[in-house]
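To start, the structure itself, in structure tokens.
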Amino acid sequence: MQKVNLSTVSEFVFVGLSDAPEICLLLFVLFLLIYLATVAGNILLLIAISTDSHLHSPMYFFLGNLSLLDLLCPTITIPKMLGALLLEHKEISFSGCLFQHFSLIAVVGTEIYLLTVMAYDRYVAVCHPLRYPSIMSTKLCAQLALGTWATGLLNSLLHTSLVFTLSFCGPNKIQQYYCDIPPMLALSCSSTHSRELVILVVAGVMGSSACVVTVVSYIYIFLEILARNSPGIWHKAFSTCGSHLTVVCLFYGTTICTYVRPSFTYSPRWGRVVSMLYGMLTPLLNPIIYSLRNKGVKRALKRVISQV
């Protein structure tokens, strides 16, 4: 008989973080405050970068893109989770789940390559400071930014098509607070081995290539610092690259733990914890990390806040 992938599940149900009403209310307040702080921090950073002429450089152009991604990432998942906590409305339609999955994977993939581009930008700034304006031209920056967004969208299109063309004909409870790859694969009633392999290979190639470029960039930066051996060079280099390196370690660590592993190793509880780290904590911390380490950003943010 010819196999036809037909989904008989019209909606999915998210498994709540807690069933106790008092815990749900506490979690609602906590996550609402985190979400509002994330939105406020990234919007302020975007306004500061766009309105301060001193911040119109390649580094801050990419930082503005990062802030936009950090706005989108929690906005895709947290409002639905807040509704489930407060109103107990835990259902999501099949098409809604597909759209949420596509949007989130696109944002995550774009951020991985954007952080890689930012590592290359720091390499040029440290190793070729005199040629930096000519190398990191406006045209190249626009092409790099457009390339990261296009790559993220194409990667998400591939993953979403692999997951949502499976058959879903049995349980519809998602062991997560949003539609993610591992819990969706666990719900499918058709064989997922070949698709898991493709997802692992694509995620592995994508993640490893981004990691290689980032690591090589920082190796050259480190060698350049050793070669110069001038007073204050370590402090200057750390102020230039420290924020980005911190964000890279936090984001890469959590996303690799989530996606680059077989589905049989997936633990719902551990998956929720890790996803909260890159889905909530990282977008909240990124504006803080870059603001604390950068005098120009702090000065621009103070000006924006005083005007507000």
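What are the ³J(HN,Hα) couplings of region 142-156, residue after residue, when phi is run through the Karplus curve with 6.51, -1.76, 1.60 and θ = phi - 60°? Round to Hz, x for glycine and proline.
Here the 3J(HN,Hα) series is 5, 5, 5, 5, 4, x, 5, 5, 5, 5, x, 5, 5, 4, 5 Hz.
How much accessible surface area, in Å² rounded to 10, belongs to the heavy atoms of residue 299 with a 1.4 Å probe?
Residue 299 exposes around 150 Å² with every protein chain in place.
Are there chymotrypsin sites (Phe, Trp or Tyr not before Pro) in region 66-162 that DSSP puts in a loop and that have at most 13 other Cβ atoms within 10 Å, and which ones?
Hits after loop and neighbour filter: nothing returned.
Full-extension gain between residue 36 and residue 50, please, as 0.36 nm times their residue separation minus the C-alpha to C-alpha distance.
Once the chain is fully extended between residue 36 and residue 50, it gains 2.9 nm.
Kirkwood hydrodynamic radius, computed over distinct alpha-carbon pairs, for region 20-306: how many Å, to one decimal?
20.3
Collect residues whose amide H, placed 1.01 Å from N in the peptide plane, falls under 5 Å from the amide H of residue 167; neighbours closer than 5 in sequence don't count.
189, 190
Using a Förster distance of 25 Å, how high is the FRET efficiency between residue 303 and residue 140, based on the Cβ-Cβ distance and rounded to 0.05?
0.30
Between residue 215 and residue 246, what is the FRET efficiency for a Förster distance of 22 Å, r being their Cβ-Cβ separation, to the nearest 0.05?
The calculated FRET efficiency here is 0.90.
Could you give the length gained on full extension between residue 228 and residue 165, defined as 0.36 nm per residue of separation minus the Cα-Cα distance, in nm?
17.1 nm
Report the label-to-label distance for residue 295 and residue 11 in nanometres (one decimal), using points 7 Å from each Cα along the Cα→Cβ vector.
5.7
The values are calculated or read from the model by the stated rules, or taken from the named source; none is laboratory data. The shown structure was predicted, so the numbers you read here are calculated from the model rather than taken from an experiment. Neighbour counts are summed over all protein chains in view; Cβ atoms, including those assigned to glycine, are modelled from backbone coordinates with ideal geometry. Protein only, heavy atoms only, side chains kept; ligands, DNA and RNA dropped before computing areas. Shrake-Rupley method; radii C 1.70, N 1.55, O 1.52, S 1.80 Å.
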